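Okay, so here's the structure we're looking at.
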């Protein structure tokens, strides 16, 4: 009788153990897979369906857009209870916009639709066709190259040196993801992961894969991008990547400022040199404004991490980007304060390089290479800050980085002329 009672107790314990084990297994769902010829046209889940002990309500929703040049474009909206992020797998896993109350990370581009890459001709207007679909908050530039259009040398399929035309900012922002997966952790902090793979490959050319992961914690006003670029070819391969984060109203306005632990700032050209003394302060929308671009060298903390902040004139709204200088050593600030109808926007753009033509960056030693099978990882944290206290805390953290950076290398900020 004692043996029977023990067996009954053991059997009754098994479902409990299985349920306990399952509670630690993340929720997973494949939204699309080129390998399996599968894509959900629409799909939704939320904290109501994925049972956890998470105290915050959240949801994930995929939609397929229709009409005009956005026909067939897929979007994923992640709402963590505090911020709302709209991601676009069709456009290289770029982020369309982010919202926290009345604070939005976005800009008002002349392009109103979310353009399907099949309608973007990268070669048009002398290699400026990338601009035909440009309206995201954050898009990646790369992977084989980024920066200004123009010619560069390469080795062709018969082993000879040849000349190629490079288009503005490369291809990756106009390549649809080959796979997209949702993963939700069932244990604290209950992170939401949107994982994607975007391939930039060709015969007799680069064979690069971008593995990207958007990480969102329910209830937090920040999110992370965790990216990895892999060289899956059998030969050494150059690569470039630049994170083109674009801000308009309400952060961008007359008197808005970009703040970072700057060691040096250099104008991109003569036009930028005209505004060098006020490179980090913004004007109101100005009809006919010609863009100004500044190339920055930043200080890092004792772990070589850094942060850049854009805040409005009142200092009660702001956004930060934080990253490792070992992974992305260069920062570009793009000022384009033209008329509202023409696109009033600024870009804060961490990268492996500055946005010169690749031939210029190679000569300056700023084009990294990947050995066969090797990869390069990058993590960026984006923060949304509302209220004087939150923006003030971000400013204080940048001040600490600046202090630590100067203590390490003893350099003061340099404002360089174009000739330098």
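The values are calculated or read from the model by the stated rules, or taken from the named source; none is laboratory data. Predicted model, so just to flag it, every value in this text is computed and none were measured. Don't worry about glycine lacking a Cβ; one is built from the backbone with ideal geometry, like all the others, and counts go over all protein chains shown.
Brief remarks on what is shown
- Test for residue 214: is it out of contact with any helix residue (DSSP H, G or I) (no Cβ under 7 Å at 6 or more places or on another chain) and buried (at least 22 other Cβ atoms within 10 Å of the Cβ): no
- Those residues of region 95-115 which are closer than 25 Å to residue 210 by Cα and out of contact with any helix residue (DSSP H, G or I) (no Cβ under 6 Å at 6 or more places or on another chain), in sequence order: 95, 96, 97, 98, 105, 106
Every residue, every condition in (1) in a strand (DSSP E or B); (2) within 18 Å of the chain's Cα centre (by Cα); (3) free of Cβ contacts under 8 Å to residues at least 40 places away in the same chain; (4) surrounded by fewer than 17 Cβ atoms within 10 Å (Cβ to Cβ), yes or no:
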| site | (1), (2), (3), (4) |
| --- | --- |
| 284 | no, no, no, yes |
| 301 | no, no, no, no |
| 306 | yes, yes, no, no |
| 309 | yes, yes, no, no |
| 334 | yes, yes, no, no |
| 346 | yes, yes, no, no |
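- Of the strands (runs of 3 or more DSSP E) lying entirely inside region 22-109, those carrying at least 1 residues that are under 30 Å from residue 253 (Cβ atoms) are 74-79, 84-88, 94-100, 103-105.
- Here is the figure for region 49-59: residues that are closer than 20 Å to residue 24 by Cβ and either surrounded by 11 or more Cβ atoms within 10 Å (Cβ to Cβ) or at pLDDT 95 or above (or both) total 7.
- In this structure, residue 209 does satisfy being within 19 Å of the chain's Cα centre (by Cα), part of a strand (DSSP E or B) and either modelled with pLDDT of 95 or more or surrounded by 20 or more Cβ atoms within 10 Å (Cβ to Cβ) (or both).
- Here residue 386 meets the list (1) modelled with pLDDT of 95 or more; (2) out of contact with any strand residue (DSSP E or B) (no Cβ under 8 Å at 6 or more places or on another chain); (3) surrounded by 13 or more Cβ atoms within 10 Å (Cβ to Cβ); (4) farther than 26 Å from residue 127 by Cβ almost entirely, failing just condition (2).
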